[in-house]
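The values are calculated or read from the model by the stated rules, or taken from the named source; none is laboratory data. A quick note: this is a predicted structure, and the numbers were derived from the prediction, not measured. Don't worry about glycine lacking a Cβ; one is built from the backbone with ideal geometry, like all the others, and counts go over all protein chains shown.
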């Protein structure tokens, strides 16, 4: 079974900028449990709101920068998540 959900919410990013985050999330269930989950959003629009200026343009257009920023944030907030 698959389920798609639209989510929209205003949140403050780490730098205090307001971001209207519009996400479409997909769930795939297997044996009553979530088997897969995927989010889709407009990365360019999100980065423009979250960072603004040149940083927002680069983060929105270059996926590597977006992934690098997300990985750093995850490592800072959950340092034990990457230990084996």
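Is at least one residue of segment 59-66 closer than 22 Å to residue 8 by Cα, at pLDDT below 85 and under 10 Å from the mean Cα position of the chain (by Cα)?
yes
Please work out which residue is nearest to residue 77 (Cα to Cα), limiting yourself to segment 1-21 and to residues that are touching a strand residue (DSSP E or B) at 6+ places or on another chain (Cβ under 6 Å) and not in a strand (DSSP E or B).
Per the criteria, the residue is 13.
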